[in-house]
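Bear in mind these aren't lab numbers, they're just calculated from the coordinates by the rules spelled out. Quick caveat, the model's predicted, so the values are computed rather than measured. Virtual Cβ from ideal backbone geometry, glycine too; neighbours counted across all protein chains shown.
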Amino acid sequence: MSETDQFASVRYIVDDVTAAIDFYTTHLGFTLLSNPAPAFADVTRGPLRLLLSGPASSGARATPDDAAGAGRNRIHLVVADLDSEIDRLQAAGVPFCSAQVAGPGGHQILIADPAGNLVELFQPATQHP
């Protein structure tokens, strides 16, 4: 079993691999796993391995033109205190794509990485005041 077998991997197509590395490691607690930029890098957080594929990567080239922008997919990160995360990210200038919303399962808000990929920050209802 290789080191990457312990992760669930998600590929995000990004315009700038270095900017994506900085965003995920600085603002969202990811750790850099490998960095053969500018084509590709991967970062991890817990069991999630996020594949950051730049324009020169094979993963980006494999996306058909008619599939670009398809769906409303995002990675989902559970946080202990959503309000504190919002304050911290606003102070750092991270752009938000939604207002905070509440539902039966908890509270969430959407942010975007430098390439516009969505990240949902979610606090389960049992943890939100």
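Can you tell me which residue in region 80-99 is farthest from F122 (Cα to Cα), limited to those that are out of contact with any helix residue (DSSP H, G or I) (no Cβ under 7 Å at 6 or more places or on another chain), assigned to a loop (DSSP other than H, G, I, E, B) and not small (G, A, S)?
Per the criteria, the residue is P95.
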> What tally of residues in region 82-110 results from selecting those that are under 13 Å from the mean Cα position of the chain (by Cα) and in contact (Cβ under 8 Å) with a residue 60 or more places away in the chain?
Replying inline: 1
